[in-house]
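Right, one structure below, let's go through it.
The values are calculated or read from the model by the stated rules, or taken from the named source; none is laboratory data. Worth saying up front: this structure is predicted, and the values here are computed from it rather than measured. Counting neighbours? That spans all protein chains shown, and the Cβs are built from the backbone with ideal geometry, glycine included.
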């Protein structure tokens, strides 16, 4: 078994020991072909649970460059072929690498919020996902996690943490071959984020709490 396979097998066992993982909806994600998983980012549990529970299908994730400052965590993310990204700027190197991954038919995970919430409550999405989705033509699968924000409190009481994963309807962004202006990219981002919000319990929806404001003008559901 390759290193990544051994790590994923081990992590799956560990996370199922410390958490009660509901991953039943992961069956909605295709077993092959390019796709983008766009999800909320709660804390450190998101990546290991998602990646280990999607096995044997590999998944490449975008991760902040500072992740590699920790040798152990950096080794873990390198074993997953994760792509380092510089936050707060247009990182063209990360964009090109992400596009290559999708063009090769792989699966890519992105957290449009750009940073952990810590609480599980949705923050405003950043528009970096839009050019990548448009340029690649890859379908987007909205993914939502909740429950993991209670991990540290539960572990102090030697309690397992319920960790739920929800997967929504896949869609592509409508594209006429011309990169839309900034305001339209913002609208596309909001529509993606509302799809994630709809998968969450109401108290977790944050910036996107009012689902009546959600539009689907730019979404082409598959």
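Screening residue 96 with (1) modelled with pLDDT of 90 or more; (2) touching a helix residue (DSSP H, G or I) at 6+ places or on another chain (Cβ under 9 Å) gives one miss only, at (2). Scanning segment 90-110 for residues that are in a loop (DSSP other than H, G, I, E, B) and surrounded by fewer than 14 Cβ atoms within 10 Å (Cβ to Cβ) yields 90, 104, 105.
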